[in-house]
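Below is one structure, written out as structure tokens; the observations come after it.
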């Protein structure tokens, strides 16, 4: 498996500024994850599938998906959707509890 291009891509990723409000450590972890996803996709080890990376808008957690290239359907997602929904629900309850104690 040839991954010599990975270091050049990592240098170009390091030059991308992090979105506002993202801690530097999280931004560095996200860049590393993006590089890993690119390396896996370039290696061809997933066959007809590809990996994608995105940030969940509600939880701001990184999400990695394995997607079928032909159908564009999500085969696997890490973390799973139900965990993202649970984190959002728990966050809303926590905010509600904080507001009710202030009242």
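The values are calculated or read from the model by the stated rules, or taken from the named source; none is laboratory data. Because the structure is predicted, anything quoted here is derived from the model rather than measured. Don't worry about glycine lacking a Cβ; one is built from the backbone with ideal geometry, like all the others, and counts go over all protein chains shown.
Summary of computed values
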| quantity | calculated |
| --- | --- |
| Pair list, Cβ < 7 Å and 6+ apart or interchain, from region 48-77 residues that are touching a residue at least 24 places away in the same chain (Cβ under 8 Å) to residues that are assigned to a loop (DSSP other than H, G, I, E, B) and loosely packed, with under 15 Cβ neighbours inside 10 Å | 49/69 |
| Some residue of region 62-72 being under 30 Å from residue 92 (Cβ atoms) and over 9 Å from the mean Cα position of the chain (by Cα) | yes |
| Residues of region 23-32 satisfying the condition of being exposed (fewer than 15 other Cβ atoms within 10 Å of the Cβ) and either assigned to a loop (DSSP other than H, G, I, E, B) or in contact with a strand residue (DSSP E or B) (Cβ under 7 Å, 6 or more places away or on another chain) (or both) | 23 |
| Candidate set from region 61-87 (those that are over 19 Å from residue 36 (Cβ atoms) and surrounded by 13 or more Cβ atoms within 10 Å (Cβ to Cβ)); member that is modelled with the highest pLDDT | 68 |
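Table: residues versus (1) in contact with a helix residue (DSSP H, G or I) (Cβ under 9 Å, 6 or more places away or on another chain); (2) at pLDDT below 90; (3) loosely packed, with under 15 Cβ neighbours inside 10 Å; (4) farther than 22 Å from residue 25 by Cβ.
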{"residue": "44", "(1), (2), (3), (4)": "no, yes, yes, yes"}
{"residue": "48", "(1), (2), (3), (4)": "no, no, yes, yes"}
{"residue": "55", "(1), (2), (3), (4)": "yes, yes, yes, no"}
{"residue": "59", "(1), (2), (3), (4)": "yes, yes, no, no"}
{"residue": "95", "(1), (2), (3), (4)": "no, yes, yes, yes"}
